[in-house]
Amino acid sequence: MSTTTTEPRETLASVVMVDYGLGNLRSAQRGLERAGADVTVSDDPSTFADADGIVLPGVGAFSEGMENAGPFREALAEAADRGQPIFGICLGMQMLLTSSEEAAHAGEGEVEGLDFIPGQNVRFDEGQKVPHMGWNELHVKRDHPLVEGVDTGASETPRADGPTGGSVDGEYAYFVHSYYAVPEDDEAIVATTDYGVEFPAIVANEEGNVFGTQFHPEKSGETGLTILRNFVEFCAEQ
């Protein structure tokens, strides 16, 4: 099984990034390293237990993602149960939910997600241009370690009026997706974004250790780096 390790300049926490064949691994790895993580990219579930945190990246279809992630399902469930931080990115976030309309839309029937955050992923309305692609604003709805404020400095993208540092609320992140999460419990929603409909941009389970971003933090400039730093610091504290 393939395993590669890269040392960051300042290591705050060890993170395993799951290599299940559907992720922009190199870009996410670089972002995590900038945030202070010692990143191991691995397709070996036995590496999860010794890590401070786990990242589930993802680009592609829900059904293919869940099929590829099958060998990791049990190890991810065990990690969630023992309180390890698990961070899903884009498709990885959608995989944290129970199901997705995408599989049915593609004629593949019902596909079971990881079900760490009960809910379904649904497609944007036909009146919306899909995929939702580009920069959009984050609206923080509740406290969670992933959105705690740190000084972000100058934003790399134009922003509407909002914080100039110290919070991701009002900051912009980069999205590419056609489906969005609808958790069963509104308390699972940490932050939202508006695209004709207000949808969850960040979700988390009740315990707070399993969470995800619909956007790509590794492509979201200083806003994304803030999110990744918060994740790495959260891992270090566990």
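Throughout, read-outs are computed from the coordinates displayed, never taken from laboratory work. All of these numbers come straight from a predicted model, not from anything done at the bench. We place every Cβ from the backbone using ideal geometry, glycine too, and count neighbours over all the protein chains shown.
Can you put 111, 197, 210 in order of Cβ neighbours within 10 angstrom, beginning with the fewest? Walk me through the intermediate numbers first.
Details: 111 19, 197 13, 210 25.
The order, fewest Cβ neighbours first, is 197, 111, 210.
Counted as membrane-span-like here are DSSP H helices of the chain whose alpha-carbon atoms extend 18 Å or more along the helix's own axis and whose Kyte-Doolittle mean is 0.0 or above; these are 221-237.
What's the exposure ranking of 54, 89, going from fewest to most Cβ atoms within 10 Å? Please list the in-between numbers first.
Details: 54 25, 89 28.
The fewest-first ordering by Cβ neighbours comes to 54, 89.
Taking a Cβ cut-off of under 12 Å around residue 60, the surrounding Lys, Arg, Asp and Glu residues balance to a net charge of -3, with basic ones at +1 and acidic ones at -1.
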